[in-house]
Amino acid sequence: MMRRSLSFAALGALAAMVFATWMHFGVLNPANVGWLIDGHDRGQSAIGLAAYLRAGGPWPLLHQPLLGAPEGMTLLFTDSIPLLGILLGPVARWLPPGLQFLGLWYLACIILQVGFAWAIVRPRAPDGMSAWLCAALLALMPVLINRYGHASLCAQWLILWALWLHLDPLRSRSSFWWAAVLGTAALVHSYLLLIVAAIWASAMLRALWVEPQRRRTLIGALGVAALAVAIVALHGVLGQRFASTGTYGAFPVALDAWWNPANPSYSALLPSSPDDGHGFEGFQYLGAGLIALVLIGMAWSAAGATRLATPAMPGDALRRLTCLVPALLVLAVVAIGPQPKFWGVPLWTFHLPPALTDALDPVRAGGRLFWPATYTLAVAALLVVCSMPRATLILAGALALQLVDLMPMLAAVRATSAAADSSAHYHRTRDPRWDALIAQAGTIDFQPPNPFADLALMEEVTWRAVRLCRPVRFTYAARETAGMRARLDAEARDFQAGRIEPTRLYVLLDGKVPRVLAGRVQRLDGIAIIAPTASPLPPGCRP
């Protein structure tokens, strides 16, 4: 009991230290929102959840009417972590409007990352200290640290959870466990669901190959797949026609991504190709410490040391990880895309048919699909090193090397949450008249309907609108239906022609005013707006 308590204390301390190097503790205060609504994806994630808690449909239907009105949309399409909607929905009526829960989500992600890392390595490590060091290295994965701007994709503990199940001979056959991880992934993000599903499918195929007579395995697999499909359908993914962005291949993983930081300011020890602005999604840098462990593990194995290994050598675990290779190769092809890159330079280009580009649009940020390969490599390297003599000393050296190498990256990422130490909500819309202006509007309309015209301004105005329960015609969404895009384009044409609705508040994101409307435009905090007339409170908001 004492040993277990010490282990929990050590893991808690590790999670706290990792979180403190990644975020300011001010993010944990639900009333602090200024650090979120600054023009990054995590701001939209917080807004979507706030809209659902303010005026969501009956629980557990995760649809809200305020964003993308009048159609509204589900939490999945605002990247707002439906799992948080499920957990917070029953108490939403007692929560004051305008709270954020992403800071607590970030903390939970680090705790779960540490916990599942420990669960994977502890049975295969020579001692508790070695396991703690392995957990620290998996908690400091650069692919996790770098996702600070996209809260739902910080749930990379789902990958570790799936690997933990796959590596366990009993749990890997359990439909209950796989239903739990796949169901949870479906309530977090579609990319993570696809990644976890690839690991699950590999485990099922292995089980059927080893014991083809196990019909229960196949029946259980079908049941788990049906659950995941049902959850996705609940999000409104099925049965709708979505507009394609035509951008598949624009966010690939580079062939040298494991050792190329792709950002000169991120690594203190290894050189980087120039940051071309397209490497974020495909960022897979391991860090100098993990790269060293991979090389050591490869050298140890090549020297034939595995044949002389101690009982701790994870032979079965490595064989199980090898079973993932076919699925990882499929994901890698999608992640690399039609234009393979090395050192930031395209090597060649395959010209895909437009129909195929549109079909692959749901995975246009394909670089993310290489994450399971990166985690599998890291776990394999750690398990091999754990079987070596003086494993603890090697792991300690690797962790020190990793920290030294990633110090610039950690400092840069942590600085993005510095505003959480202040209680200020708004930086662009500071005038107190904004709330009165929004409150008298029937709806809020942004022109042009393009989030990249000024996303920070969009987020601040939308946050105010959600607090005051005012519908917003246009919002920054992960996916748009073809019908919604057609409506937005029609409204943009009407605006340019001077045909406006008198009950709407128009916010001009690019500051450009159609000549026919020049006399109607006012400026507040230097922002061009067209004020509305009075309008009643939209129905359906919680008191």
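Checked across region 90-99, the condition of being outside any loop (DSSP other than H, G, I, E, B) and either under 26 Å from A441 (Cβ atoms) or charged (D, E, K, R) (or both) holds for at least one residue.
Out of region 452-476, which residues are acidic (D, E) and touching an Asp or Glu at 6+ places or on another chain (Cβ under 8 Å)? Spell out the reasoning first.
First pass over region 452-476, keeping only residues acidic (D, E): 454, 459-460.
Selection gives D454, E459.
Residue check: D489 meets all listed conditions (1) under 30 Å from L360 (Cα atoms); (2) charged (D, E, K, R); (3) touching a His at 6+ places or on another chain (Cβ under 8 Å) but one, namely (3).
Is it true that T475 is modelled with pLDDT under 95 and either part of a helix (DSSP H, G or I) or surrounded by 19 or more Cβ atoms within 10 Å (Cβ to Cβ) (or both)? The answer is yes for T475.
Within the option set L403, L356, being at pLDDT 95 or above and either under 25 Å from the mean Cα position of the chain (by Cα) or of a type outside the set (K, R) (or both) holds for one residue only, L403.
Of everything listed in (1) surrounded by fewer than 20 Cβ atoms within 10 Å (Cβ to Cβ); (2) touching a Gly at 6+ places or on another chain (Cβ under 9 Å), the single unmet condition for W94 is (2). Cβ-Cβ distances below 9 Å connect the following pairs, each with a first residue in region 94-105 that is under 15 Å from C541 (Cα atoms), a second residue that is of a type in the set (A, V, I, L, M, F, W, C) and assigned to a loop (DSSP other than H, G, I, E, B), and a separation of six or more residues or different chains: P96/A31; P97/L468; P97/C469; P97/C541; G98/A31; G98/V33.
Among the residues making up region 380-396, those that are in a helix (DSSP H, G or I), in contact (Cβ under 8 Å) with a residue 60 or more places away in the chain and over 28 Å from the mean Cα position of the chain (by Cα) are V384, V385, C386, A391, T392, I394, L395, A396.
Only one entry of A453, A492, A528, A441 meets the criterion of being under 27 Å from S45 (Cβ atoms) and touching a strand residue (DSSP E or B) at 6+ places or on another chain (Cβ under 6 Å), and that entry is A441.
The residues of region 127-154 that are more than 17 Å from A20 (Cα to Cα) and touching an Asp or Glu at 6+ places or on another chain (Cβ under 6 Å), listed by number, are H150, S152.
Can you find a residue in region 39-61 that is under 28 Å from E460 (Cβ atoms), of a type outside the set (G, A, S), part of a loop (DSSP other than H, G, I, E, B) and in contact with a helix residue (DSSP H, G or I) (Cβ under 7 Å, 6 or more places away or on another chain)? Don't jump to the end; show me each part of the working.
To start, the set of residues in region 39-61 that are under 28 Å from E460 (Cβ atoms) comprises 39-57.
Within this subset, residues satisfying the condition of being of a type outside the set (G, A, S) are 40-42, 44, 47, 49, 52-54.
Still in the running and part of a loop (DSSP other than H, G, I, E, B): 40.
Add one more test, that the residue is in contact with a helix residue (DSSP H, G or I) (Cβ under 7 Å, 6 or more places away or on another chain), and what stays is none.
No: region 39-61 contains no residue that is under 28 Å from E460 (Cβ atoms), of a type outside the set (G, A, S), part of a loop (DSSP other than H, G, I, E, B) and in contact with a helix residue (DSSP H, G or I) (Cβ under 7 Å, 6 or more places away or on another chain).
A Cβ distance below 8 Å, combined with a sequence gap of six or more or placement on separate chains, defines the contacts here; from region 438-458, residues that are part of a helix (DSSP H, G or I) reach residues that are of a type in the set (A, V, I, L, M) and surrounded by fewer than 20 Cβ atoms within 10 Å (Cβ to Cβ) in the pairs L457/I527. Residue selection: G344 satisfies the criterion of being under 17 Å from W258 (Cβ atoms) and modelled with pLDDT under 90. Restricting attention to region 217-224, does a residue exist that is surrounded by 15 or more Cβ atoms within 10 Å (Cβ to Cβ) and at pLDDT 85 or above? No, every residue in region 217-224 fails to be surrounded by 15 or more Cβ atoms within 10 Å (Cβ to Cβ) and at pLDDT 85 or above. Whenever a residue of region 157-176 is assigned by TED's automatic domain parsing to the domain that holds A119, its partners that are aliphatic (A, V, I, L, M) and assigned to a loop (DSSP other than H, G, I, E, B), lying with C-beta atoms within less than 8 angstrom and at least six residues away or across chains, give the pairs L158/V188; H166/L324.
So for region 455-468 (the condition being surrounded by fewer than 20 Cβ atoms within 10 Å (Cβ to Cβ), over 30 Å from the mean Cα position of the chain (by Cα) and within 23 Å of V513 (Cα to Cα)), does at least one residue qualify? Checked region 455-468: no residue is surrounded by fewer than 20 Cβ atoms within 10 Å (Cβ to Cβ), over 30 Å from the mean Cα position of the chain (by Cα) and within 23 Å of V513 (Cα to Cα).
Residues considered: A125, A108. Of these, the only one that is over 19 Å from P372 (Cβ atoms), without any contact (Cβ under 8 Å) to a residue 12 or more places away in the chain and among the small types (G, A, S) is A108.
Per-residue answers, yes or no, for (1) in the same structural domain as L170 (by TED's automatic domain parsing); (2) outside any loop (DSSP other than H, G, I, E, B); (3) hydroxyl-bearing (S, T, Y):
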{"residue": "L331", "(1), (2), (3)": "yes, yes, no"}
{"residue": "T349", "(1), (2), (3)": "yes, no, yes"}
{"residue": "L352", "(1), (2), (3)": "yes, no, no"}
{"residue": "D358", "(1), (2), (3)": "yes, yes, no"}
{"residue": "G367", "(1), (2), (3)": "yes, yes, no"}
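Considering (1) assigned to a loop (DSSP other than H, G, I, E, B); (2) modelled with pLDDT of 95 or more, the lone condition that Y426 does not fulfil carries the number (2).
The values are calculated or read from the model by the stated rules, or taken from the named source; none is laboratory data. Values in this document were obtained by computation on a predicted structure and should not be read as measured data. Cβ: placed from backbone, ideal geometry, glycine included. Neighbour counts: every protein chain shown.
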